[in-house]
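The values are calculated or read from the model by the stated rules, or taken from the named source; none is laboratory data. Since this is a predicted model, take the numbers as computed values, not measurements. Cβ atoms come from the backbone with ideal geometry, glycine included; neighbour counts cover every protein chain shown. Ligands, DNA and RNA are excluded from the accessible area calculation, which covers all protein heavy atoms including side chains. Shrake-Rupley method; radii C 1.70, N 1.55, O 1.52, S 1.80 Å.
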Amino acid sequence: MTDVWAGADLGSTNVKVLLADAEGTVLARAARPTPRAGLRVRPDELVDVLEELILLAAGAVSRPRLRGVCVAGVGEDGVLHAGGRPLGTALPWFDPSRRAALDRLAELARPDDRLRYGVELDAARTVAAWALLPSADLAAADGWVACTDYPALRWTGRAIMSSSLAPRTGAWLLDPGAWDIERAGRFLPAELLPPVVPAGTVVGELRSRRLADLLASDAVVVAGGHDHPVGASVVHRQDPGAPLDSMGTAEVLVRTLEPANRPARTGDRRTEDRGDRGDHRTGDLRAGDLRTGDRGDIRTGDRRAGGNPPPGMDLSPAVLGDGLTALTVLELDRNMTWLRDNGLGSCLDAVLAGRLVVERPDRPVFAPGAAGGEPPRWTPAAADLSAEARAAGAAWQLAQAGAAALRALAPDAEAAYAAGGWTRAPGWMRLKAAAAGLPYRILAEPELSALGAAHLCLPGPIAPVSVRELTP
């Protein structure tokens, strides 16, 4: 028999599953579009797709035996449940109907929200979705869970929320690591809130009729978390504190910070080192000590008191260890699409492929679109430029925007790691390294969040992921 552990990434666009062996080596993978009813998600269909993908991947492994499953994904989407089953569909974080709750959220917002809750209060936060829940469903519900944690409820009967997902609600306090009952209670009764547990906690025994023939007798479900921090945990195992530049639909820069008085975690996940993450052998679920202590200065990695996160930087409990994960989200695909829609497709392709030499412009020619719907635009300096010069200048400034966010996130970094579809564009990656003035280490694994989830299941030392280094 071949023991395997499954990691899954429930993305807004696709569901991705991979199977890994005890050292974290990927043995098989499968993917499928995220099932939706319009924009909404039917959680039971999500679990059905997950199980189908696990079986599909298992078909490529000789005599597989599934020992554990861990799921990563978005944190803002969730569903009320009763009797372990959803009472409706999940409202995704990007659904424009959430904006109807903005007036009700405005009175709750405070200037220090990002430091207290890890995020600023806006329509993407879960509290906006809670504000729109039907009163009849609220009255019938046993609880609420994030879509990412719903498979754990289906498979174990236990409702939990992974600690890196909880800040995405906008109602979970980083310190002392607890629900803000006053804020959440405006829209959701406190008794419906799930317990928050650290990534790596064993939620319980994995029970599934569809997967029954694949399951080991001790197969368990393990708490995962927010997709980007879970992906960054792969980097943190190999190079603690190094930043990850994840480039897909959005560009997400992530860094795990350990407290100054505690050594970085290694890849050793043996039972005796699990601390309050639960007993891997029995599936005993313990909430763990989520007290975060003094958050300190996030700008430099100094954990001493007195700092505030830079604008646009979100915070959450680290997936590994007792520190924090900090992340910044930048628009990438939307800006590239805008450039193509403005007639620069062929020139942009030449830049991305490295066929068109990019000279650093002496002044900005392009203002990238930003979060909140701010559209991209040309500056007056672009008026007399050729198409090639416009494409090159715009690409350089997108690379510079990422470099600025990287410097704010990790000013002491000696190298940056990179993952995602855009790493396959050699010209773009050369621009990224030049703008940052740092070597870029491109990770070979394309599905880093799914791999990070699988790693959270594993009982022993984990093999590093291979990288290809690109110097500026």
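For segment 101-118, filtering for residues that are closer than 17 Å to Leu193 by Cβ and within 21 Å of the chain's Cα centre (by Cα) leaves 2.
State the number of residues belonging to segment 154-175 that are closer than 18 Å to Val15 by Cα and either part of a loop (DSSP other than H, G, I, E, B) or open to solvent by 10 Å² or more (accessible area, probe 1.4 Å) (or both). I'd like the intermediate steps shown before the answer.
Step one: list which residues in segment 154-175 are closer than 18 Å to Val15 by Cα, which gives 154-155, 165.
Adding the requirement that they be either part of a loop (DSSP other than H, G, I, E, B) or open to solvent by 10 Å² or more (accessible area, probe 1.4 Å) (or both) leaves 154, 165.
Total satisfying the criteria: 2.
Restricting segment 249-277 to residues that are under 12 Å from the mean Cα position of the chain (by Cα) and open to solvent by 10 Å² or more (accessible area, probe 1.4 Å), the residue that is modelled with the lowest pLDDT is Ala250. Taking the conditions (1) more than 22 Å from Ala450 (Cβ to Cβ); (2) at pLDDT 95 or above; (3) among the hydroxyl-bearing types (Ser, Thr, Tyr) in turn, Thr282 satisfies each one other than (2).
Every residue, every condition in (1) among the hydroxyl-bearing types (Ser, Thr, Tyr); (2) within 22 Å of Leu80 (Cβ to Cβ); (3) free of Cβ contacts under 8 Å to residues at least 12 places away in the same chain, yes or no:
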| site | (1), (2), (3) |
| --- | --- |
| Ala171 | no, yes, no |
| Ala190 | no, yes, yes |
| Thr201 | yes, no, no |
| Val222 | no, no, no |
| Pro259 | no, no, no |
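Could you tell me whether any residue of segment 228-244 is closer than 23 Å to Ser449 by Cα, in contact with a Pro (Cβ under 6 Å, 6 or more places away or on another chain), not in a strand (DSSP E or B) and not aliphatic (A, V, I, L, M)?
Filtering segment 228-244 for residues closer than 23 Å to Ser449 by Cα gives 228-244.
Filter once more, so that each one left must be in contact with a Pro (Cβ under 6 Å, 6 or more places away or on another chain): 238.
Imposing the further condition that a residue be not in a strand (DSSP E or B) reduces the set to 238.
From what's left, not aliphatic (A, V, I, L, M): 238.
There is at least one residue in segment 228-244 that is closer than 23 Å to Ser449 by Cα, in contact with a Pro (Cβ under 6 Å, 6 or more places away or on another chain), not in a strand (DSSP E or B) and not aliphatic (A, V, I, L, M).
Scanning segment 315-342 for residues that are part of a loop (DSSP other than H, G, I, E, B) and either free of Cβ contacts under 8 Å to residues at least 60 places away in the same chain or at positive phi (or both) turns up just one, Gly321. Of the residues making up segment 29-45, those that are aliphatic (A, V, I, L, M) and either in contact with a strand residue (DSSP E or B) (Cβ under 9 Å, 6 or more places away or on another chain) or closer than 16 Å to Gly73 by Cα (or both) number 3.
The single condition from (1) modelled with pLDDT under 90; (2) loosely packed, with under 14 Cβ neighbours inside 10 Å; (3) touching a helix residue (DSSP H, G or I) at 6+ places or on another chain (Cβ under 8 Å) that Leu356 fails is (2).
Looking at segment 1-100, what strands (runs of 3 or more DSSP E) fall wholly within it and have at least 3 residues that are among the small types (Gly, Ala, Ser) and within 19 Å of the chain's Cα centre (by Cα)?
Working: elements: 2-10, 14-20, 26-33, 64-73, 78-82.
Filter on segment 1-100 gives 2-10.
Evaluate the following for Asp113: is it modelled with pLDDT under 95 and open to solvent by less than 10 Å² (accessible area, probe 1.4 Å)? Judged against the criteria, Asp113 is a match. When Leu339 is tested against (1) at pLDDT below 95; (2) within 29 Å of the chain's Cα centre (by Cα); (3) open to solvent by less than 40 Å² (accessible area, probe 1.4 Å), only condition (1) is not met. Taking the criterion of being in a loop (DSSP other than H, G, I, E, B), open to solvent by 10 Å² or more (accessible area, probe 1.4 Å) and either at pLDDT below 95 or within 26 Å of Asp322 (Cα to Cα) (or both), the residues of segment 190-212 that qualify are Leu193, Pro195, Pro198.
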